[in-house]
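Following: one structure in structure tokens, then a few remarks.
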Amino acid sequence: HFILNYLYLRLFFTEHHLFQALIRTCLIESRETANYHRCGRTDKEVSAFCQVISIDLRSKFPLEQQLLTESIANEIDYCALLNRVLPRNIQAVAWMPLRSPVYSARFDCVGRTYRYYFPKGDLNIEAMQTGCELLARHTDFRNFCKMDVNNGVTNYIRQVFKATVQRCEVEQCG
């Protein structure tokens, strides 16, 4: 069981190419049998960077040896293998083995950072900052969620540690 960190543009577009690459490189047999979970999602037409997933991948070593230091050091170079077949705008940047075979990148993560970049235009940054302060005090996010009783989510209480709006200089945004 492994976790991959990858850069991507649009989730649907990227997942399609990611699974094509995983199957082409024989790292998985199919999406359905790969125990795949993604940490977050993006809304339509929203881009994101550094998405984290958990997935079961083929290994050079038997399960009982996969967490040994020597095995990790000599494991398949998952990122290099995937990056050879992924489109240039999608890139695997890191991987790590997981100690728990039931880990879910979505349900077991303990924190997330979201950054949104957009042109300033005529936006009222001060009002947006005031909204951020209210957001950081809010704890029940059920009205921000797509209600789906089939996904197992029944707790909508979240803690926002910090929310800010700040100017991004060009060299910081790349």
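Since every read-out is calculated from the coordinates, none of them should be taken as a lab result. Being a predicted model, the structure only gives us computed values, none of them experimental. Here the Cβ is made from the backbone with ideal geometry for all residues, glycine too, and neighbour counts use every protein chain on show.
Quick notes
- Radius 12 Å from Cβ of Gly111, net charge of other residues (Lys, Arg +1; Asp, Glu -1): +2
- Counted residue by residue at 0.36 nm each, then reduced by the alpha carbon distance between them, the extension gain from Thr69 to Tyr103 reaches 10.2 nm.
- Ordering 74-84, 56-66 by mean Cβ neighbour count within 10 Å, with the highest value first, yields 74-84, 56-66.
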